[in-house]
1. Please report the orientation-averaged projected area of region 420-471, defined via the convex hull of its C-alpha atoms, in nm².
2. Can you give me the distance in nm between label points at ALA257 and PHE384, each placed 7 Å from the Cα along the Cα-to-Cβ direction?
3. Rounded, prolate or oblate for region 3-56? Axes are the square roots of the Cα gyration tensor eigenvalues, ordered a ≥ b ≥ c, and the cut-off for rounded is a/c under 1.5.
4. Towards the positive end of the charge dipole of the chain, with charges on Cβ (+1 Lys, Arg; -1 Asp, Glu), say which of ASN428, ILE149, VAL330 has the farthest Cα.
5. For region 176-281, just say rounded, prolate or oblate: build the C-alpha gyration tensor, square-root its eigenvalues into a ≥ b ≥ c, call rounded for a/c under 1.5, and beyond that prolate if a/b exceeds b/c, oblate if not.
6. Could you order peptides 439-447, 97-105 by the average number of other Cβ atoms within 10 Å of their residues, highest first?
7. Can you list which of the GluC sites (Glu not before Pro) found in region 244-347 are DSSP loop residues with at most 12 other C-beta atoms within 10 Å?
8. Could you please rank ASP14, ASP262, ASP246, placing first whichever residue has the fewest other Cβ atoms within 10 Å of its Cβ?
Amino acid sequence: MPKKYQFELPFDQDLGKFIKKTYPEIREYRTVSKSLDARGAPRGKRPVYHYILDALVGKEDNYTSAETFPQLGALKSKPIIIGAGPGGLFCAVRLAEYGVPSVIFERGDKASNRMLKIAKFWRYGEFDAETNVCYGEGGAGLFSDGKLITRIKSDLVQYVMEKFVSFGAPPETAYESNPHLGSNKIRVIISHISDWLRTKGCEIHYNAKITEILTDGNKATGVKLSDGRVFTSDHVVLAAGHSAQDLYHHLEDIKVAMKPKDFAVGVRIEHPRRMIDNLQHGGFCEAPEMGSARYRLSWHDKWTDHGVYSFCMCPGGYVLSSGTEENGIVVNGMSNFARNSPWSNSAIVVSVKAEKDIEDKDLMAGLRFQHDIEKKAFALSKQFATGRELPAMTVKEFMEGKLSDKPLPKTSTPSGLFKADIRQIFPNFVVEHLKKGLLEFNRDLPGFVSDEAVLIAPETRTSAPLTILRDKKSLVSLSHNGLYPCGEGAGYAGGITSAAVDGVKCALSILQREGLLPEV
């Protein structure tokens with residue numbers, strides 16, 4: 001059996017040389033975990049990597065074989081999967097590993113075509129309602145850095161990481177504590193996943209918008225497409241993502257069990273990358289081994305019970321226009337694998353309590369709350385620019401409550417910025433909590449509140465404002481048998497990895513309900 005080794009190593013020391021010198025008994029090793037500790041770097045303390053290795057030390061030792069899957073064969077009706085984001089694709093992958101092909105419907109275009117349409121939107125304002133930063137193969141995660149960081153605890157996390165590696169991700173993806181693929185690499189990897197699924201008998205339909213989930217009483221029986229085609233199945237996996245808002249209205253119409261949930265809205269903050277690197281890594285920031293610096297910030301107002309926190313931090317990245325409607329503006333962040341742009345950005349968002357902060361109490365109130373902010377941002381853009389550019393002001397201007405005559409700093413966003421008082425986009429409680437949160441973050445990272453930093457608005461699609469209710473064990477809708485709410489759009493994930501894990505869990509549930517796998 002492999003033996004575990006655990007140690008720390010200076011960030012710039014070669015692992016292989018260290019192993020050879022310190023542990024000569026090791027004949028082969030695999031890195032299980034690698035995490036950087038740079039907390040003391042601003043004070044001059046040398047950053048270190050923490051390693052956990054699985055090592056072979058005896059001739060008789062070997063690594064365990066890869067997991068094998070019994071081939072179960074096609075079901076009576078192929079499972080239908082709505083959405084080709086990480087939840088839908090990993091559901092299909094797990095089914096296919098057992099020899100069970102599925103049918104996937106994606107309202108947008110394939111990953112290789114999405115970039116062409118999105119580039120036209122960023123540069124020229126040519127908006128495509130069905131293929132954009134949120135809709136299309138790979139889902140919204142295709143344009144948000146390819147971060148695989150997750151806080152969920154599940155044995156399936158490692159499975160997901162290793163599958164990404166098998167489809168072309170760098171080997172370190174399987175063991176780094178904060179793995180990321182970059183938006184450039186994940187586009188290729190997602191295409192590899194889809195190609196592999198087709199070799200396993202899966203069908204993938206692009207530009208195929210679902211307009212109806214067909215039901216017979218309290219059972220989901222299939223789907224109807226916008227072109228009138230109908231497909232039937234005993235199992236319908238709903239992995240449509242957090243921005244498929246027209247589908248929420250349809251689910252309400254057919255009385256699928258849902259409830260409002262808390263979410264968050266706010267802004268993107270963009271700093272020069274050198275500033276964040278220096279704040280986090282101090283005198284070590286120029287070392288090539290350190291790379292672009294990350295941060296994670298949070299503060300909770302105990303008097304109002306609202307949280308303010310950073311989200312989807314993109315070192316060496318870009319701020320993107322990410323709306324799904326022609327008359328609304330939404331921002332998001334991404335970075336490529338190298339993380340080498342001159343800027344770093346992150347969402348800074350305020351929690352929105354569905355029961356407390358939204359006056360209306362119906363199911364769709366959260367959606368309207370988001371839309372109202374997005375439409376106000378677009379109206380500002382039409383008033384002061386062309387409707388394509390994003391509203392922004394410096395952090396200093398936001399904190400002081402007034403615009404200056406000073407032009408905005410240069411930006412990463414391909415859509416361009418215009419100066420505006422973004423406070424008028426948001427409800428007062430969001431503005432006030434952003435101010436308080438930024439002050440607290442500046443205490444944690446002195447210099448975070450800077451005249452060189454820009455707030456770009458609005459960040460509204462951090463998560464879905466609804467939960468599609470499901471049974472905790474079977475993952476089946478509480479109201480409709482055969483319907484499996486899955487991933488971010490259903491309220492059960494918060495990123496690429498957790499959505500992929502949820503997709504795998506839905507696949508296993510389908511096989512268990514068919515009696516092909518034992519229930520765990």
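1. 5.7 nm²
2. 4.7 nm
3. Numbers: a/c = 3.46, a/b = 2.05, b/c = 1.69.
Prolate.
4. Selected residue: ILE149.
5. In terms of gyration-tensor shape, oblate.
6. Highest mean packing first, the order is 97-105, 439-447.
7. Numbers: sites: GLU252, GLU270, GLU286, GLU289, GLU325, GLU326; in loops: GLU286, GLU289, GLU325, GLU326.
For GluC sites (Glu not before Pro) across region 244-347 that sit outside H, G, I, E and B with at most 12 neighbouring Cβ atoms in 10 Å, the list reads GLU286, GLU289, GLU326.
8. In increasing order of surrounding Cβ atoms, one gets ASP14, ASP246, ASP262.
A short reminder: the numbers here are calculations on the coordinates, not readings from a lab. Please read these numbers as outputs of a predicted model, since none were measured by experiment. FYI the Cβ positions are ideal-geometry reconstructions off the backbone, even for glycines, and counts take in every protein chain you see.
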